[in-house]
Amino acid sequence: MELLDKLNWRYAAKAMNGTQVPEDKIERILEAARLAPTSSGLQPFEIFVIKNQDIKAQIKPVAWNQSVITDCSHLLVFAAWDTYTADRINHMFDLTNDIRGFKNEGWENYRQMLLNSYPQKDTEENFNHAAKQAYIAFSQAIVAAAFEGVDATPIEGFDPAAVDEILGLREKGLRSAVLLPLGYRKDEADWLVNLKKVRKPMEELVTVIE
Ligand SMILES: Cc1cc2nc3c(=O)[nH]c(=O)nc-3n(C[C@H](O)[C@H](O)[C@H](O)COP(=O)(O)O)c2cc1C
């Protein structure tokens, strides 16, 4: 199947059947998320992979009781940095230098520029910026899941403060941004499975400027 066929196949499954997704598929979906581009390459988020049924059951009531939370195989929680700190910025710049094996003046100047801006900004503004980066990885995970023939339901319908509490995210300097249950659709219980995909026509979405 071509990528676009797979993207047409995917939909936001409303019911899953509890079948486990093989770990090699989960690893490739997570790798796609890890490879996502982010602003300045900071990757300001972490991904929690919840296999534990008790924890899923705690999250379900604070996620509008959506059945996919407990009927999925693996529940991904994308948690963004609560703010940008000098340590966090330095960690990624140091990692870049380690991996590439050299220091570069332009790159070091860029580091200083970020150090002189992000940590001084309002925490909420920083979290919102970090959450946007988490969404890029989230989106890549959705595409990768479709590529693997795995269903994924993007979920914003939850109480982030409650999920933070259940997973102890605030203590880690993180805040939940978005959820992604991974599993397999349960056709007979899903009102959406046979409905046509609805998208704006291309001309409402795209303007070509020659
Ligand atoms: C960020 C985001 C949050 C969403 N939150 C929910 C949700 O909480 N529950 C749900 O059933 N669907 C949720 N959706 C699914 C959308 O309603 C769905 O993707 C959209 O209607 C397009 O349909 P399709 O994904 O089935 O093609 C969310 C989608 C995105 C991208």
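The values are calculated or read from the model by the stated rules, or taken from the named source; none is laboratory data. Note that this is a predicted model, so its numbers are computed, not measured. All Cβ positions, glycine included, derive from the backbone under ideal geometry; neighbour counts span all protein chains shown. Heavy atoms of the whole protein, side chains included, go into the accessibility calculation; ligands, DNA and RNA do not. Shrake-Rupley method; radii C 1.70, N 1.55, O 1.52, S 1.80 Å.
One line per residue, one yes/no per condition, for (1) open to solvent by less than 40 Å² (accessible area, probe 1.4 Å); (2) aliphatic (A, V, I, L, M):
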| position | (1), (2) |
| --- | --- |
| Lys6 | yes, no |
| Ala12 | yes, yes |
| Thr19 | no, no |
| Asp24 | no, no |
| Arg34 | no, no |
| Gly41 | yes, no |
| Pro44 | yes, no |
| Ile47 | no, yes |
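Specify the residue that is farthest from the ligand (Cβ to nearest atom); the eligible residues are those in segment 135-163 that are charged (D, E, K, R) and either assigned to a strand (DSSP E or B) or in contact (Cβ under 8 Å) with a residue 60 or more places away in the chain (or both). Per the criteria, the residue is Glu148. Before we move on, is Lys132 within 12 Å of the ligand (Cβ to nearest atom), out of contact with any strand residue (DSSP E or B) (no Cβ under 8 Å at 6 or more places or on another chain) and either part of a helix (DSSP H, G or I) or over 17 Å from Gln43 (Cβ atoms) (or both)? It is true that Lys132 is within 12 Å of the ligand (Cβ to nearest atom), out of contact with any strand residue (DSSP E or B) (no Cβ under 8 Å at 6 or more places or on another chain) and either part of a helix (DSSP H, G or I) or over 17 Å from Gln43 (Cβ atoms) (or both).
Only one of the numbered conditions (1) under 27 Å from Gln20 (Cβ atoms); (2) surrounded by fewer than 19 Cβ atoms within 10 Å (Cβ to Cβ); (3) in contact (Cβ under 8 Å) with a residue 60 or more places away in the chain is violated by Gly173, and that is (1).
Every listed requirement among (1) touching a Lys or Arg at 6+ places or on another chain (Cβ under 6 Å); (2) among the acidic types (Asp, Glu); (3) more than 16 Å from the ligand (Cβ to nearest atom) is met by Asp190 save one, (3).
Is it the case, given these coordinates, that Thr70 is closer than 30 Å to Arg28 by Cβ, in contact with a helix residue (DSSP H, G or I) (Cβ under 9 Å, 6 or more places away or on another chain), away from the ligand (no atom under 16 Å from the Cβ) and free of Cβ contacts under 8 Å to residues at least 60 places away in the same chain?
It is false that Thr70 is closer than 30 Å to Arg28 by Cβ, in contact with a helix residue (DSSP H, G or I) (Cβ under 9 Å, 6 or more places away or on another chain), away from the ligand (no atom under 16 Å from the Cβ) and free of Cβ contacts under 8 Å to residues at least 60 places away in the same chain.
Of the residues in segment 18-40, not one is within 16 Å of the ligand (Cβ to nearest atom) and in a strand (DSSP E or B).
Of all residue pairs spaced 6 or more apart or on separate chains, those with beta-carbon atoms under 9 Å, a first member in segment 193-207 that is open to solvent by 100 Å² or more (accessible area, probe 1.4 Å) and assigned to a loop (DSSP other than H, G, I, E, B) and a second member that is within 11 Å of the ligand (Cβ to nearest atom) and at pLDDT 95 or above are Leu195/Tyr11. Selection within segment 51-64: residues that are within 16 Å of Gly183 (Cβ to Cβ) and touching a residue at least 60 places away in the same chain (Cβ under 8 Å). The member of this set that is farthest from the ligand (Cβ to nearest atom) is Ile55.
Going through segment 55-107 one residue at a time, which ones are part of a helix (DSSP H, G or I) and basic (Lys, Arg)?
Start the filter on segment 55-107 by keeping residues that are part of a helix (DSSP H, G or I), which leaves 55-62, 68-71, 86-100, 105-107.
Those that are part of a helix (DSSP H, G or I) and basic (Lys, Arg): Lys56, Lys60, Arg88, Arg100.
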